[in-house]
Structures are given as C-alpha cells and as structure tokens.
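Heads up: the structure comes next, in structure tokens.
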Amino acid sequence: MEKQQFLYEGKAKRIYATADPDLLVVAYKDDATAFDGKKKGQIERKGMLNNRISSFFFQLLASRGVDSHFVRQLSDTEMLVKKLDIIKVETVVRNIAAGSLSRRLGLAEGTPLSRPVLEYYYKDDALGDPMINEYHIYALNLADRGQLLKIAEDSLRINEILSGYLRGKNIILVDFKLEFGLFKGEVLLGDEISPDTCRFWDAETGEKMDKDRFRRDLGGVSEAYAEVLDRLTGGKS
C-alpha cells in the first residue's frame, strides 16, 4: 500500500495517510533526540534499524497473543500500521535500576529490582512528560479503568515475553517505554519497540546497546543498534 498525504512529523518518525482511512504509513528517520529535545543529532541507519527491529518485535508479540498496530513492513524504513487514537499515557516497565529511577531513588545503576516496576507518564512534550499515577489518569480522563487495566496487563506480558526472548540472545532488557491507543474501541500497542525506546545491555559485558550511547556520547551508536538486529535475526537482516 502506497503512502499518500503527509500528516505529521515527530522526533523519530513521519506519518502518512493511505487510501484506507484505517491505515497509516510510518516512516522511520535517522534523527535522534534526547533530554526532551535539548540534544539533537543523527544516527546513521537508525531509521532502517529501528523499523526492522520494531517489525521483528511486533511480529514476535503477535505470535504470543499480544496485538499491536503493526500490519506489515513495507520497506527498509517504512511500516504499515492501524490508525490509533493515541492514549496520552506512556508506560515504562523497569527490571533494573537505570536512568531516572536511579536518580529518583538513589539506586546504583544496574541494581536488580525484586519485581518489575510499572510507571505512567503524561504524554505532553510541553510539560516534559511528567510522571503520573492512576488517579491522575482518571482525573484527566486519559483512560478509563478497563483501558488502564489492559495497558498494565499487556505491559507486564510484553515484559515477560521480551525479557525471556532476549535472554536467549544474550541481551538484558533493563527497561522500556510503551505507548497504546484505541482502534475501533480496542486498546492496542502502538509506537515502536527499539533501542530508542528500550535499554538493552549485553548480558556478559554490560555494554549498552541502545540510545544511552547517544545520550552519554559513548560512540558506536549505529553499531550497537545493528548488533541488536543481528542478534534478533541471527545475522540474516
């Protein structure tokens, strides 16, 4: 299916209409941002790598009973997705202390958590995506109880599936961000699952294989993303 009218450009993707009002084309970009857009740059081949990695994960989740907006991969940098009415709640699942959790709670980076932690953030760039809880979500009418329960259940199920799968690829899933939306009244997983939205560490060396390499000026960003894809596909990317 061919893309038609350009609709929207975000930090990492461009969105296009199609001939079907229920379907969109998502085009992944090489642009990279961090710290609420304060740091900007380009990561070579990022669009292609994130598109392929996200396509792989969406298909893996579908095979385990977790539905998403993903329909199919169209090209190296584009995928066809269902048009969602985005729920303005970002969900973060944490297995190991890192990033803002380490700073907020004074935990050394790399401290294992005794159980997964689920956090919610209000999806609003102007406010810096502040952390909220379920009471805020209900008070702001961002989601109802049934929708939030589905988001929580799916998030923890996704964590279980991806953590187990990635262990077999010698990758630790430290934490990750998810977004959900409504498609004909059904809550579906949206956005992407990639090194942009997840923290991946090499299980043996602890080497970072995600956007922290860009955030912290560690170098080798594109190479790390490519290594994730190679491990997922067995080098058949």
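Read-outs throughout are calculated quantities, based only on the coordinates presented, and are distinct from any laboratory measurement. Here the structure is a predicted model, which means the values were calculated and not measured. Because the Cβ atoms are built from the backbone with ideal geometry, glycine has one as well, and the counts that use them run over all protein chains shown.
Annotations
- Summary value for the chain: 17 percent relative contact order, contacts being C-alpha pairs under 8 angstrom separated by 6+ residues.
- Charge dipole of region 6-82 (Cα centre as origin; +1 on each Lys and Arg Cβ, -1 on each Asp and Glu Cβ, all else neutral): 300 debye, rounded to the nearest 20.
- Cα centroid separation, region 124-166 to region 199-237: 26 Å.
- Excluding exposed DSSP-loop GluC sites (Glu not before Pro) (at most 15 other C-beta within 10 Å), longest clean stretch of the chain: 110-203
- Computed [θ] at 222 nm, helices only, for the chain once each DSSP H run of length n ≥ 4 contributes -39500 (n - 2.57): -9500 deg cm²/dmol
- Long-range amide H partners of Asp20 with built H, under 5 Å: none
- The packing ranking of peptides 99-105, 14-20, highest mean first, is 14-20, 99-105, where packing means the average number of other beta carbon atoms within 10 angstrom of each residue.
- Take every Cα pair under 8 Å whose residues are at least 6 apart in sequence, average their separation, divide by the length of region 85-220, and the relative contact order is 24 percent.
- Rounded to whole Hz, the Karplus (6.51, -1.76, 1.60) HN-Hα couplings of region 39-50, x for glycine and proline: 10, 10, x, 10, 10, 4, 6, 4, x, 5, 5, 5
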